[in-house]
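This report refers to the structure that appears directly beneath it.
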């Protein structure tokens, strides 16, 4: 197994009143998104939240000059780049300016041999083509000399770029638009090149009173934004979210035809960042890597279906060729380097192709977790061109700087770089950079750090949990797919798969839950252990019309077998409803059908009237069965949508908690018995609940509950829940009237029973929480009242609840020291199943040591 280190992200305690799954809030917390307004904006991004592009310095100056060009019929050339960011930026400006009325427009995309950015030969040819204005996209910010040359030629240059400035003084262009400019009032500096060009396009369309129409290009903008691996936060998150949605109904003929060939029915396909990053972009990049990226611009700007189909066929051929070349080079490099003890891996050959050496270098880092450099030797020119990728603690550009005297030129950033070198200097360079690495790198730097978003229990590995995680989409750089940790799973079966038998497929299980066909790529070893801790990502796979949650393992380690029973119980207990689920049936169903569920042979079975329809997946069935068995919780389902796939109806449902409570025998004793069964099953009410209920119903008195009248324990709102629930359910059933609940306490407001059995309008019965609700209330209008008020001891016409709580000395606090001393067998928390609580109640009475938090008051 690879040398790895796991790090669980730290979180802070949040007190937010948001109807959002706790796991989602925890992941956002770990990623530094903690404020309520930031969470809402992150989970519900809106085009209205896009920052005003006019805050970008020079953008209005550029806009006005372009409008003048349109009016005067001047000729504009868009100067792009050969990667997807540059290609898409060129496309949207070309199409957008034509739509606004520009008749004389062309574009220039350099081939890879010309190198990145502007070059004088290209500028000269553009001038000879009678162009008046050059708009750069995804390049230009470092082209000081080239801009000066363009000025001498009489070209007006407008730079749109997102790359880092070499210094605060920008090139001497007519206008320079860059989100990283110090003069900007624009707060987000991580737009892609296409995002920067899009901001210019938006300001142009806005000037023509066509602001909304600019967003027809957001699908193209989305492609370049994902491809350039910029942070999918803030404005980029908005662009990508809406761009992915737009692809399904794109107006771009080239994109529509390509996506249909790759994904089939795109109208019913929910596009993801992975679809773009691993499906669409490699095909686009293949043209630029092996030949000429202009082919892709032609695809995205063509309205001729025959031309589009021919280009797509050619791109598929090029991509297959690119993949073959890439794999061949990787295998050659791996064979050369597999026994190398060098700290920095360097592989050089005239057989390599400069278009894919960056990908190969990245794969070498993934394989060996060492800085990796791959060079293509150009024998006739006596030079080699290199691409570098690095690990987290090694700044590759600084390493190149140390060898600058051996290089013709170099550039890049901390994690990736490139350089040109004379072939005769390669061995010297290899020695020099490894000597430098010995001074910089420590042994622990070669241990790959895996940052874990959250530890979860096996019951979370489900279609239902994945649908909850979709709130966090789109995933990508800056907002990566969450990584989870689950401990103490049992590996039931494993097998090697793949053409080279270098991938592991395995099944694992725990506590009645089973996960099948988990994948661990590029790992062909698993020690003969039974218990493992696993770190993984989740996704959904489809097969024959059915959706399955898929586990993609990042790492596995032998389990330390620490007891996680309490974490498991908390996870089950804290499950938030409603949750989305799915079932499949060949029976006819309608969206308005009333379906019922029941348990048969450890599965949740679905009926329409009395006819069997289908059953839920094993793991969601197990969850619902355990919630019912442990806590007496009940559920119903509602159809959300139905989609026909082949012979199957794919039915998306919403699983809700059921709070249907009816007692046909209206005598109070019968109602109370049924309420007790509903709330606490076989347990008894505790001392406070018994005394309070006796005062309310036996003595027929209004009740005041105040901590001033209680000794030995400080009660909080959570400790009154069963009492208040009983009061609310009783009058709802007995008098067909829900009590009025007046409180600002989050625990009371968020309680599912109180939500269902109280009202915020007129009632004859009242629960008044004076600890949080301060408005005046006329208490004479109510027949029966529970008053919570810790500021007083007495109230006229109310019976005070006097109570002396004595918790026995055999109850100890839950602490690390006490757990080490007494173990985990006798721990009491509110999330325990009812049967366990009854068992611990007996142990408490018998004087056995109990470790507990304040929830132990439930049984005292």
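The values are calculated or read from the model by the stated rules, or taken from the named source; none is laboratory data. Being a predicted model, the structure only gives us computed values, none of them experimental. Using ideal geometry, Cβ is built from the backbone for each residue, glycine included, and neighbour counts are taken over all protein chains shown.
At-a-glance table
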{"quantity": "Some residue of region 455-478 being assigned to a strand (DSSP E or B) and under 23 Å from residue 236 (Cα atoms)", "calculated": "yes"}
{"quantity": "Those residues of region 20-46 which are in a loop (DSSP other than H, G, I, E, B) and more than 12 Å from the chain's Cα centre (by Cα), in sequence order", "calculated": "20, 21, 32, 33, 34, 35, 44, 45, 46"}
{"quantity": "Residue identified as at pLDDT 95 or above and surrounded by 15 or more Cβ atoms within 10 Å (Cβ to Cβ) among 572, 606, 579", "calculated": "606"}
{"quantity": "Considering residues of region 388-406 that are modelled with pLDDT under 90 and not in a helix (DSSP H, G or I) only, the residue surrounded by the most Cβ atoms within 10 Å (Cβ to Cβ)", "calculated": "393"}
{"quantity": "Condition met for residue 672 (crowded, with 20+ Cβ neighbours inside 10 Å and either touching a residue at least 60 places away in the same chain (Cβ under 8 Å) or more than 23 Å from residue 832 (Cβ to Cβ) (or both))", "calculated": "no"}
{"quantity": "Which listed residue, of 529, 592, 523, is part of a loop (DSSP other than H, G, I, E, B), over 23 Å from the mean Cα position of the chain (by Cα) and more than 30 Å from residue 5 (Cα to Cα)", "calculated": "592"}
{"quantity": "Number of the exception - residue 304 against (1) touching a helix residue (DSSP H, G or I) at 6+ places or on another chain (Cβ under 6 Å); (2) at pLDDT 95 or above", "calculated": "(1)"}
{"quantity": "Test: residue in region 420-432 that is assigned to a strand (DSSP E or B), at pLDDT below 90 and either within 19 Å of residue 83 (Cα to Cα) or not assigned by TED's automatic domain parsing to the domain that holds residue 164 (or both)", "calculated": "yes"}
{"quantity": "Of all residues making up region 474-492, the number that are under 10 Å from the mean Cα position of the chain (by Cα) and under 22 Å from residue 515 (Cβ atoms)", "calculated": "5"}
{"quantity": "Within region 484-498, considering residues that are assigned to a strand (DSSP E or B) and free of Cβ contacts under 8 Å to residues at least 12 places away in the same chain, the one nearest to residue 566 (Cα to Cα)", "calculated": "495"}
{"quantity": "Test set (1) free of Cβ contacts under 8 Å to residues at least 60 places away in the same chain; (2) surrounded by fewer than 21 Cβ atoms within 10 Å (Cβ to Cβ); (3) in contact with a helix residue (DSSP H, G or I) (Cβ under 8 Å, 6 or more places away or on another chain) - residue 209 fails condition number", "calculated": "(3)"}
{"quantity": "Flag if residue 506 is under 22 Å from residue 546 (Cα atoms), surrounded by fewer than 16 Cβ atoms within 10 Å (Cβ to Cβ) and at pLDDT 90 or above", "calculated": "no"}
{"quantity": "Residue within region 239-253 that is over 17 Å from residue 60 (Cα atoms), in the same structural domain as residue 90 (by TED's automatic domain parsing), within 19 Å of the chain's Cα centre (by Cα) and in a loop (DSSP other than H, G, I, E, B) present", "calculated": "no"}
{"quantity": "Among (1) over 12 Å from residue 394 (Cα atoms); (2) touching a helix residue (DSSP H, G or I) at 6+ places or on another chain (Cβ under 9 Å), the one test that residue 430 misses", "calculated": "(2)"}
{"quantity": "Residue in region 565-579 that is over 30 Å from residue 635 (Cβ atoms) and either without any contact (Cβ under 8 Å) to a residue 24 or more places away in the chain or assigned to a strand (DSSP E or B) (or both) present", "calculated": "no"}
{"quantity": "Some residue of region 316-334 being within 23 Å of residue 432 (Cα to Cα) and surrounded by fewer than 21 Cβ atoms within 10 Å (Cβ to Cβ)", "calculated": "yes"}
{"quantity": "Test: residue in region 261-268 that is in contact (Cβ under 8 Å) with a residue 12 or more places away in the chain and not in a helix (DSSP H, G or I)", "calculated": "no"}
{"quantity": "Inter-residue pairs, beta-carbon under 8 Å, first not assigned by TED's automatic domain parsing to the domain that holds residue 800 and in region 679-693, second part of a loop (DSSP other than H, G, I, E, B) and crowded, with 16+ Cβ neighbours inside 10 Å, 6+ apart", "calculated": "none"}
{"quantity": "Subset of region 47-75 [more than 30 Å from residue 468 (Cα to Cα), within 36 Å of the chain's Cα centre (by Cα) and in a loop (DSSP other than H, G, I, E, B)]", "calculated": "52, 56, 57, 58"}
{"quantity": "All positions within region 343-383 that are surrounded by fewer than 17 Cβ atoms within 10 Å (Cβ to Cβ) and out of contact with any strand residue (DSSP E or B) (no Cβ under 8 Å at 6 or more places or on another chain)", "calculated": "351, 366, 379, 380, 381"}
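One line per residue, one yes/no per condition, for (1) at pLDDT below 95; (2) outside any helix (DSSP H, G or I); (3) in contact with a strand residue (DSSP E or B) (Cβ under 9 Å, 6 or more places away or on another chain); (4) more than 18 Å from residue 201 (Cβ to Cβ):
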residue: 123; (1), (2), (3), (4): no, no, yes, yes
residue: 126; (1), (2), (3), (4): no, no, yes, yes
residue: 130; (1), (2), (3), (4): no, yes, no, yes
residue: 135; (1), (2), (3), (4): no, yes, yes, no
residue: 142; (1), (2), (3), (4): yes, yes, yes, yes
residue: 168; (1), (2), (3), (4): yes, yes, no, yes
residue: 180; (1), (2), (3), (4): yes, yes, no, yes
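Rundown of residues vs (1) surrounded by fewer than 23 Cβ atoms within 10 Å (Cβ to Cβ); (2) touching a residue at least 60 places away in the same chain (Cβ under 8 Å), yes/no style:
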| site | (1), (2) |
| --- | --- |
| 85 | no, yes |
| 112 | yes, yes |
| 120 | yes, no |
| 124 | yes, no |
| 135 | no, yes |
| 142 | yes, no |
| 160 | no, yes |
| 166 | yes, no |
| 171 | no, no |
